[in-house]
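Heads up, the thing below is written out as structure tokens.
Just so it is clear, none of the values below were taken in a lab; they were calculated from the coordinates. In this text the structure is predicted, and so the values were computed from the model without any measurement. A quick note on method: Cβ atoms are made from the backbone with ideal geometry, for glycine too, and the neighbour counts reach across all protein chains shown.
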Amino acid sequence: MSDFGDYLKACQKRIDTHLDQQFCNSHPGLERLYAAIRYSVTGGGKRVRPLLAYASCEALGGTDKPVDVVAGAVELIHAYSLIHDDLPAMDDDNLRRGRPTCHRAFDEATAILAGDALQALAFEWISCEGSWQAETRLRMTTLLARAAGPQGMVGGQAIDLASVGAQLDQNALEDMHQHKTGALIHASVRLGALATERADDDQLAALEEYARCIGLAFQVQDDIIDIESDTSVSGKQQGADHARGKPTYPAMLGLDGAHALARSLCDQAISTLEPFGSPAERLRQVARYIVERRF
Ligand code: GRG
């Protein structure tokens, strides 16, 4: 088995190639919209969600079915969420991945439409992929819709907006993140498994628990990075979210407590993979990567 760094690069290249191919055509009259879509989808990013879909598929022995379709769909939903999250009505950010945000590089209306288009395309890709049975496609679209919508990511964003300046306890903070970030991470793991069309209920339940743990660990680590990168630059322990009045794990548990929580969630995630044996090694490595990453 190649080392994880090589695997990560191979998955990133695989999804980048797939996405490039989907958006290489010109669309007369829609050049600006497609330029904004390409700008947002092909502009880097760690590709954690596609990585999870690939690794989850591998845990079930892999497939000759097109797992790139679900890996691409979750990345489109992610890209759409970042475009809309950066808008003036939300976080009003000027930079994303070291470049101007979509609405700064283009304009607000184009950014809104690019996000809307990406969301619709994610569902189109899954529902039109004829390699899966119709029942599988229905299951996948329902799963992704719930993860993206008010019961998932959009609901989490609404809770987040309502919580600015509020005192959330740890349960409320976890609930917000399980919706806002965890739901799509969860969908990525499950969709990778469903793509094989041979995941049984016990395997899906185990993967669900794995996804719950790493979804939360991802956010805890993100809060830690936010603080530590800020500390190293300014010498002050105040991350961007904390500065915006948003509750964070380091603020609630202290930096050491947040590190301990991330490690414990990673261990829990890895322990749920025992029944899968060695095919789940990539998922174990992804769990470690999520809590060890520095950006
Ligand atoms: C606006 C509909 C709508 C939803 C917004 C998920 C979300 C809800 C907003 C994303 C903004 C954000 C900073 C969320 C916290 C989770 C997070 C760290 C997202 C960034 O994901 P990465 O680190 O990004 O995977 P890259 O750039 O690597 O793709």
The simple spin-label model distance between Gln167 and Glu292, using points 7 Å out along Cα→Cβ, in nm, is 3.9 nm
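By how many nm would the segment from Ala120 to Ala205 grow when fully extended, if each residue of separation counts as 0.36 nm and the alpha-carbon distance is taken off?
Working: separation 85, 0.36 × 85 = 30.60 nm, distance 2.81 nm.
Here the answer is 27.8 nm.
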What FRET efficiency would be calculated for the residue pair Ala35, Cys128, taking the C-beta separation as r and a Förster radius of 25 Å, to the nearest 0.05? 0.55
Net charge dipole size for segment 6-154 [Lys, Arg +1 and Asp, Glu -1 on Cβ; Debye, nearest 20]: 320 debye
What number, in nm² with one decimal, is the all-direction average of the projected area of the convex hull of the alpha-carbon atoms of segment 119-238? 9.2 nm²
Of the candidates Tyr39, Tyr80, Tyr210, which one comes out as most mobile in a Gaussian network treatment of the chain with C-alpha springs shorter than 10 Å? Tyr39
Between Ser26, Gln203, Gly45, whose Cα lies farthest towards the positive end of the dipole of segment 4-292 when Lys and Arg beta carbons carry +1 and Asp and Glu beta carbons carry -1, centred on the Cα centre? Ser26
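Between Glu197 and Cys24, what FRET efficiency follows from the Cβ-Cβ distance if R0 is 35 Å, with the result rounded to 0.05?
0.75
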Compute the distribution of all C-alpha to C-alpha distances in the chain, in bins of 10 Å from 0, and list the percent of pairs in each, rounded to whole numbers. 6, 28, 36, 23, 6, 0
What is the count of Lys pairs in the chain whose alpha carbons sit under 20 Å apart, if the two are 8 or more places apart or on different chains? 6
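Within segment 140-227, which trypsin sites (Lys or Arg not before Pro) sit in a loop by DSSP and count at most 15 neighbouring Cβ atoms inside 10 Å?
Numbers: sites: Arg146, Lys180, Arg190, Arg198, Arg212; in loops: Arg198.
Those that pass, being in a loop and sparsely packed, are Arg198.
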From DSSP H assignment alone, runs of 4+ in the chain each adding -39500 (n - 2.57), the sum over residues rounded to the nearest 500 puts [θ] at 222 nm at -22500 deg cm²/dmol
Here, Phe4 and Met252, labelled 7 Å along Cα→Cβ, have an inter-label distance in nm of 2.5 nm
Using the per-residue mean of other Cβ atoms lying within 10 Å as a proxy for protection, in what order, highest first, do the peptides 56-62, 181-187, 278-284 fall? 181-187, 56-62, 278-284
The chain - charge dipole about Cα centre, Lys and Arg +1 at Cβ, Asp and Glu -1, debye rounded to 20: 520 debye
